[in-house]
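Peer 1: Below are the structure tokens for one structure; questions will follow.
The values are calculated or read from the model by the stated rules, or taken from the named source; none is laboratory data. Remember, it's a predicted structure, so these values are computed and weren't measured experimentally. Cβ placement follows ideal geometry from the backbone for every residue including glycine, while neighbour counts extend to all protein chains displayed.
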Amino acid sequence: MQRVLDDFTHTRLGSTGIGVHRLGLSASYLPGKKTVYRAVEAGIDYFFAYGFDVQMMRALRDILGTAREQYKIATGPYNLILTHTNVRKTLEKRLRQFRTDYIDVFLFLGVMKEKEFPASVQEEMVKLREEGKVRSIGLSTHDRKFAGRLAASGAVDVLMIRYNAAHRGAETEIFPYVGAHGTGVVSYTATRWTALMRRPRGWPKDGRIPTAAECYRFVLSNPHVHVCMTAPRSLGQLEKNLAAMAQGPLGEADMTFMRSFGDAVHAQKKWFM
């Protein structure tokens, strides 16, 4: 039986009923199959993969064969913007790639504007959920106001959004609306692509600099975030992130520091994608 708790390390993904470890794993930076196996050993059970994430797929094929229901796969079609995205065809391809009968979290990826997630796409995703080929549907987007409206209307089960100490807009534009229908929240870029671990202009030379652990703990200290994604480049980085989980939520003084440092990083307004 899978472990389902509501605490700092385990929770349910909104109203989907899917129990998850709150640290999710992506292998986009090719950390090695051993890193994926180590994540499983440590209890991580939420895995996000693009169609080209070969390391993740190969590792999960081995793992899923013995206990599919214990692990949660998140993936989805790309928003191609200029051309039509075949949602159903992408799902069938992912099912073959992972050698599974269903996907736990099926996301329309990379939505920048509301018009890029039209009713036709939403309707097709709902059909796939009704057919049992996916357990929940959603999207990844930088458009926070649109995400907030989707949560308020209950149009999606899960939102995958950017949230960190430097980008806290979700606290006013998304989080107040997720409770209406129990929308699940998956966050990414906890370190703002490492910018939150480097001294910003104007920061005191002897001033404190956050660690990766503090960046992850900041995100996970927010109860509206169900899963915080980590994309380590090595097994060593994963170990550090796992150690961060063991430390639990940040205290108020550390949260205040992280907000202050995040404001300094955000003020630089650098292109960071």
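Residues are listed down the side, and each one gets a yes or a no for (1) in contact with a Gly (Cβ under 7 Å, 6 or more places away or on another chain); (2) in a loop (DSSP other than H, G, I, E, B); (3) free of Cβ contacts under 8 Å to residues at least 12 places away in the same chain; (4) under 24 Å from PHE47 (Cβ atoms):
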residue: LEU91; (1), (2), (3), (4): no, no, no, yes
residue: ARG96; (1), (2), (3), (4): no, no, yes, yes
residue: PHE108; (1), (2), (3), (4): yes, no, no, yes
residue: GLU123; (1), (2), (3), (4): no, no, yes, no
residue: LEU128; (1), (2), (3), (4): no, no, no, yes
residue: GLY132; (1), (2), (3), (4): no, yes, no, yes
residue: ARG135; (1), (2), (3), (4): no, no, no, yes
residue: SER140; (1), (2), (3), (4): yes, no, no, yes
residue: MET160; (1), (2), (3), (4): yes, no, no, yes
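Peer 1: Just need a number here: residues in the range 219-273 that are part of a helix (DSSP H, G or I), out of contact with any Gly (no Cβ under 9 Å at 6 or more places or on another chain) and among the small types (Gly, Ala, Ser).
Peer 2: 7
Peer 1: Here are the criteria: (1) crowded, with 18+ Cβ neighbours inside 10 Å; (2) within 19 Å of TYR216 (Cβ to Cβ). Tell me which single one GLY43 does not satisfy.
Peer 2: The failed condition is (1).
Peer 1: Still on this structure, please answer the following. Test ILE81 against the criterion of being more than 18 Å from THR230 (Cα to Cα), in contact with an Asp or Glu (Cβ under 8 Å, 6 or more places away or on another chain) and not in a helix (DSSP H, G or I), and give yes or no.
Peer 2: So ILE81 passes the test.
Peer 1: While we're here: Could you please find all residues in the range 127-160 being closer than 12 Å to THR183 by Cα and either in contact with a helix residue (DSSP H, G or I) (Cβ under 6 Å, 6 or more places away or on another chain) or at pLDDT below 95 (or both)?
Peer 2: Of everything in the range 127-160, those that are closer than 12 Å to THR183 by Cα and either in contact with a helix residue (DSSP H, G or I) (Cβ under 6 Å, 6 or more places away or on another chain) or at pLDDT below 95 (or both) turn out to be SER136, ILE137, GLY148, ALA151, ALA152, VAL156, ASP157, LEU159.
Peer 1: If you don't mind, there's one more thing I want to ask. Could you check how many residues of the range 162-177 are surrounded by fewer than 24 Cβ atoms within 10 Å (Cβ to Cβ) and under 17 Å from PHE117 (Cβ atoms)?
Peer 2: 3
Peer 1: When you look at ALA190, is it surrounded by 24 or more Cβ atoms within 10 Å (Cβ to Cβ), of a type in the set (A, V, I, L, M), touching a residue at least 60 places away in the same chain (Cβ under 8 Å) and farther than 20 Å from THR16 by Cβ, yes or no?
Peer 2: Against the criterion (surrounded by 24 or more Cβ atoms within 10 Å (Cβ to Cβ), of a type in the set (A, V, I, L, M), touching a residue at least 60 places away in the same chain (Cβ under 8 Å) and farther than 20 Å from THR16 by Cβ), ALA190 does not qualify.
Peer 1: Within the range 58-80, how many residues are under 20 Å from GLU123 (Cα atoms) and either crowded, with 18+ Cβ neighbours inside 10 Å or in contact with a strand residue (DSSP E or B) (Cβ under 8 Å, 6 or more places away or on another chain) (or both)?
Peer 2: 6
Here is a yes/no grid of residues against (1) of a type outside the set (Lys, Arg); (2) in contact with a strand residue (DSSP E or B) (Cβ under 9 Å, 6 or more places away or on another chain); (3) crowded, with 17+ Cβ neighbours inside 10 Å:
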position	(1), (2), (3)
GLY207	yes, no, no
THR211	yes, no, no
TYR216	yes, yes, yes
PRO223	yes, yes, no
THR230	yes, yes, yes
LEU235	yes, no, no
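Peer 1: Here is a further query. Only one of GLU173, GLU239 is within 28 Å of MET56 (Cβ to Cβ) and acidic (Asp, Glu). Can you tell me which?
Peer 2: Among GLU173, GLU239, only GLU239 is within 28 Å of MET56 (Cβ to Cβ) and acidic (Asp, Glu).
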